[in-house]
Amino acid sequence: MAFAVRLVVGLHTSLDGDEAVEAIAALHIVRGHLVLMESNAHYLGALDSYILAPFVAIFGTTLLAVRLCFSVVGAAYAAAMYFLGTAIFRDRRAGLVMAAISAVFPLFAITFGNRARTYGGLLLIEALLLLLTTRIAWAREGARGRDWIWLGLLAGVALWHDVLLGVPLAICGLLLIGRGSALGWSRLRSGLAFAAVAGLVGFSPWIAYNAFTRLGSLRHLYTPLSTYSVPTLTAAGQVLSAALPIFSGARVDFCGPQTIPSGLVDVGLGGLALAVLWLRRASVRAAVHRNFTELEPADWFLLIAPLAVVVVTVHWFNGLSCEPRYLMPLAVPLVLALTLLVIAAPPYRAAGLVLLASCLVMSAFTLTTTVAKYENLVVVPGAPQTKVDLAAAAAALDRQRPDAIWAQYWLARPIQFYGADRFLVGAYGGYVAFPDLQTAVLKSPHPSWLFIDGDPEIAVFERVCRQQAVTYQRSSPVSGLVYFDHLSGRVSPDDLGIRTQTVGQAA
């Protein structure tokens, strides 16, 4: 079910520029290149590209390859949630309930998690981390060394893959310390030593990259930390009015139309939190009296929810309320909270089923609106939002055998992917992503130009061509695009006054 839902939804969601970068890196991996970090901002790992590489090799540079890959990842996440639920509740039926809920809820975890942008893999890794931690902390005869090694290795991979996985890892660390007396402090210390060594192995791609770039990832991380940071009170209001409604499926992504008012979503989530607190009231009393060994796995893992919200409210990564991808670790505790209600005694079970059904109906309306609004939509800053068949455009451009093409980032990278990287595409107005490619386009004597129809930059380009006495041919490879080729001279983004990331900054 998780696979089918994600594949159907994904095939009606356009490939964006950031996804295309991950997919192009996967194509490079297929061709034998070594990739350690993402090719955009260089502060996240390239794990998604390695997962995607076999699908690109088999299905080609198509939307199907990308969506099929992360539909499989989504199915693996649902399977991991089954085993996690079984381990938490010691009941396979509870595991099935948890897997079924994770297959369809929350909507943002499905739609954004199905993109080639680290977040689908994030959920799978989070579920596996919690599963391994549960098995170690509640092992009847004591955890074996290899269990600690697997946990450490996955933790290292997790931190290489996405810094947001530090949220569930922090809770896992607190859980193990809280279970220290039950595990035995000497066993805990030796286990953590095994995990630390294995963690360095899992984290080694990040270490290797940063050893050669003099901590380049940390320098690149500064940009989103500063760009996506707003005052705490502003962030709190945005989380309540936009981020949580989008994440739970009540509102279309990027602050689109609402299915129901955001206030109603906040009340519903608040009611869910209160119901869970009441159900776990014995655990709350144990925590207040510092009897941490009496806490169960569910009690610890529910703490991921407030921590995930605090991370996007108090300081870093708190300025993307209309694209709440930094809330992604929240998906697992939300599924766990609903599972607790659904498997509880009849009064709570009825409330849980009603809440789940309401979320699914709400999500269905939101998803329908999303598909109608965003399918084949190409969003280029400053240009009209236009629906374009990018795969057909890449095929049409490939037939013209261009030497090189300049295009805005959110248009350039999907064209490059769908064109199987057979022709040079330079990007402006965004990350360079591939410095060698950008350098080649900069050196091209007669690069062509590609625009969204109606883009104000077209008039600027034509004016620059007149001023420099550069002639060209204007055409439309597919509906919605304007293409300038056969230029008699070279025109660069600098000539148009377009400032963008430089090759040096990208490298």
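Worth pointing out:
- Residues (hydrophobic (A, V, I, L, M, F, W, C), surrounded by fewer than 20 Cβ atoms within 10 Å (Cβ to Cβ) and touching a residue at least 40 places away in the same chain (Cβ under 8 Å)) located in the stretch 178-193: Ala182, Leu192
- Set side by side, the residues Thr313, Thr339 differ, and just one is closer than 22 Å to Ser241 by Cα, touching a residue at least 24 places away in the same chain (Cβ under 8 Å), of a type in the set (Val, Ile, Thr) and in a helix (DSSP H, G or I), which is Thr313.
- Selection within the stretch 406-422: residues that are closer than 17 Å to Ile458 by Cβ and open to solvent by 10 Å² or more (accessible area, probe 1.4 Å). The member of this set that is nearest to the chain's Cα centre (by Cα) is Trp410.
- Set Leu128, Leu123, Leu96: member being within 14 Å of Leu165 (Cβ to Cβ) and open to solvent by 30 Å² or more (accessible area, probe 1.4 Å): Leu128
- Those residues of the stretch 38-59 which are at pLDDT 90 or above, open to solvent by less than 20 Å² (accessible area, probe 1.4 Å) and under 12 Å from Asp162 (Cβ atoms), in sequence order: Gly45, Ala46, Asp48
- Here Leu7 qualifies as open to solvent by 30 Å² or more (accessible area, probe 1.4 Å), touching a helix residue (DSSP H, G or I) at 6+ places or on another chain (Cβ under 6 Å) and touching a residue at least 12 places away in the same chain (Cβ under 8 Å).
- From the options Val371, Val332, Val354, Val342, residue that is β-branched (Val, Ile, Thr), under 15 Å from Gly271 (Cα atoms) and open to solvent by less than 60 Å² (accessible area, probe 1.4 Å): Val342
- Residue match in the stretch 111-120 (condition: more than 27 Å from Trp206 (Cβ to Cβ) and surrounded by 21 or more Cβ atoms within 10 Å (Cβ to Cβ)): yes
The values are calculated or read from the model by the stated rules, or taken from the named source; none is laboratory data. All values reported here derive from a predicted model rather than from experimental measurement. Neighbour counts run over all protein chains shown; Cβ positions are idealised from the backbone, glycine included. Ligands, DNA and RNA are excluded from the accessible area calculation, which covers all protein heavy atoms including side chains. Shrake-Rupley method; radii C 1.70, N 1.55, O 1.52, S 1.80 Å.
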